[in-house]
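The structure appears below as structure tokens.
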Amino acid sequence: MLSLRSKALQASRRFNSTSSVFKYYKTPEIPQIDVNAANGINGLFSKQGLQNAWYKRAEIYCDALDKEIAREGLAAHDPEVLVNQYAKSSSKLQLFNNASLLYNTEFAMSCLGGVRNEDSLPAKPDSKSLLSNPDISHEIPNQPIDETFQDWIKDSFGSVLEFKTLLLNSANAINGDGFTWLVARKTRKSLASQSSATKEEYDNLYVLNTYNAGTPNNSVRFGQLTQISEKLRKLSEQSEDKSMTFKPPASSILSLVDARNVAVYGNTEYKPILAIDASPKAYLYDYGVYGKKTYLEQVWKALDWDIITRRLPPRSENYTVEGRIGRGM
């Protein structure tokens, strides 16, 4: 992620003109991607495809962040910090969106290496590919080799094949811009010996989708529904004034409260392990309109499991067979 020095944080000021916007943000460095910038990534992106999928988008997000920081007169923090800080701020929506998009796209790109033993891209699929029979082979290229990771995948999804199928099908199901994530769930449980203390444990792995500029870290969204329901409650009270033309139904307030109670976001948090960019911006140039499935298969082959495995948090020692029953979100 971007490394912004303390001087830059302290120097942030409100600018009177967008022409004088200070450049805090620049395209993050991803060594295994940058080394291939001149030629593209073997078996995954052409040179221009890589430019479209990563460098041009990152530049747009960085420029937008600089303008928002200048317009709001805020300190230039790392994108992940901005996402956490402004996830619930309606007035900082553009700032949040661009910070989240930069973080998500960088995270997805950082998961990639090159497709082994493939120097060229597959042929662009045409409309006939929509009618082709699915591949039912159980052969899985480029599997994670770390045994601890494999065990965690099998306990969470049943097998590596089931995990791959769920991951790629989830990404393929995204209509428009979005990302598919592998996350580890962290739960907070009270310690028996100290009622006021809590311990944090990572138990299951899950696959989830985010859309547009959504974030996989659900904890930063905690309280949004409560805030909305409170606003509706106040509007409902004010609507007793006959001069008001809008009166929200009581059922709206109750449904939001129920949704908030079911979510229980305050007790869980998800740590991103892997991300796949399912946006058309990532695959259209090299794979065409009908090539999303082909693109996703190539992404799987290009995943760098060494990098991904290093992101794994320590697994709960108290993880039991009962905890393996529920799979998925």
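The values are calculated or read from the model by the stated rules, or taken from the named source; none is laboratory data. Every value quoted in this text rests on a predicted model; they were computed, and no experiment measured them. Cβ: placed from backbone, ideal geometry, glycine included. Neighbour counts: every protein chain shown. Areas reflect the complete protein model, heavy atoms only, side chains present, ligands, DNA and RNA absent. Shrake-Rupley method; radii C 1.70, N 1.55, O 1.52, S 1.80 Å.
Quick notes
- Members of segment 78-107 found to be within 21 Å of I273 (Cα to Cα) and not in a helix (DSSP H, G or I), listed by number: D78, A87
- Residues of segment 18-53 that turn out to be open to solvent by 40 Å² or more (accessible area, probe 1.4 Å) and either at positive phi or more than 23 Å from the chain's Cα centre (by Cα) (or both), as a count: 12
- In segment 124-141, the residues that are within 20 Å of G288 (Cβ to Cβ) and under 28 Å from the mean Cα position of the chain (by Cα): K124, P125, L130, P134, D135
- Residue within segment 101-114 that is surrounded by fewer than 20 Cβ atoms within 10 Å (Cβ to Cβ) and farther than 20 Å from W300 by Cα present: no
One line per residue, one yes/no per condition, for (1) modelled with pLDDT under 90; (2) surrounded by fewer than 18 Cβ atoms within 10 Å (Cβ to Cβ); (3) part of a loop (DSSP other than H, G, I, E, B):
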position: E162; (1), (2), (3): no, yes, no
position: I174; (1), (2), (3): no, no, yes
position: V183; (1), (2), (3): no, no, no
position: K186; (1), (2), (3): yes, yes, no
position: S195; (1), (2), (3): yes, yes, yes
position: V207; (1), (2), (3): no, no, no
position: T215; (1), (2), (3): no, no, yes
position: L225; (1), (2), (3): yes, no, no
position: K247; (1), (2), (3): yes, yes, yes
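- Contacts under 9 angstrom Cβ, first residue in segment 80-96 being modelled with pLDDT of 90 or more, partner among the β-branched types (V, I, T) and part of a helix (DSSP H, G or I), 6 or more apart: L82/I69; V83/V220; L95/I69; F96/V83
- Test result for T148, surrounded by fewer than 14 Cβ atoms within 10 Å (Cβ to Cβ), among the polar types (S, T, N, Q) and over 19 Å from I276 (Cβ atoms): yes
- Restricting attention to segment 54-88 and to residues that are under 29 Å from D286 (Cβ atoms) and among the aromatic types (F, W, Y), the residue that is surrounded by the fewest Cβ atoms within 10 Å (Cβ to Cβ) turns out to be Y55.
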